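Visitor: A single structure is presented below for examination.
The values are calculated or read from the model by the stated rules, or taken from the named source; none is laboratory data. Every value quoted in this text rests on a predicted model; they were computed, and no experiment measured them. Virtual Cβ from ideal backbone geometry, glycine too; neighbours counted across all protein chains shown.
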C-alpha cells in the first residue's frame, strides 16, 4: 500500500509542477515578458523552493540551527 501512495504522490507532484510551470509561462508570455526571463525565473524558483521548505519545516519544529 505504501508503494502505491509513493507512486501516486510522485505522479501528482509531477502533474502539479507541469501545470504550474505551463500556466506561469503562458501568463508571463501574455504580459510580454521575454522567454529568457521566464526560464531563468522558473529555474530560480525550482532550485530555491526545496531549501525554503526545509527551512520552514525546521523553523516550525523549533530547530532553526
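Visitor: Check off (1) loosely packed, with under 10 Cβ neighbours inside 10 Å; (2) at pLDDT below 90 for residue 35 and give me the number that stays unchecked.
Guide: Here residue 35 clears every test but (1).
Visitor: When both residues are 6+ apart or on different chains and their Cβ atoms are under 7 Å apart, which pairs have a first residue that lies in the stretch 53-65 and is free of Cβ contacts under 8 Å to residues at least 24 places away in the same chain, and a second that is surrounded by 10 or more Cβ atoms within 10 Å (Cβ to Cβ) and outside any loop (DSSP other than H, G, I, E, B)?
Guide: 64/58
Visitor: When you look at residue 49, is it in contact with a helix residue (DSSP H, G or I) (Cβ under 9 Å, 6 or more places away or on another chain) and assigned to a helix (DSSP H, G or I), yes or no?
Guide: No: the conditions fail for residue 49.
Visitor: Residue under question is residue 56, and the condition is that it be within 18 Å of the chain's Cα centre (by Cα), surrounded by 10 or more Cβ atoms within 10 Å (Cβ to Cβ) and part of a helix (DSSP H, G or I); does it hold?
Guide: In short, yes.
Visitor: In this structure, does residue 28 turn out to be without any contact (Cβ under 8 Å) to a residue 40 or more places away in the chain and surrounded by 10 or more Cβ atoms within 10 Å (Cβ to Cβ)?
Guide: Details: without any contact (Cβ under 8 Å) to a residue 40 or more places away in the chain: yes; surrounded by 10 or more Cβ atoms within 10 Å (Cβ to Cβ): yes.
For residue 28, the condition - without any contact (Cβ under 8 Å) to a residue 40 or more places away in the chain and surrounded by 10 or more Cβ atoms within 10 Å (Cβ to Cβ) - is met.
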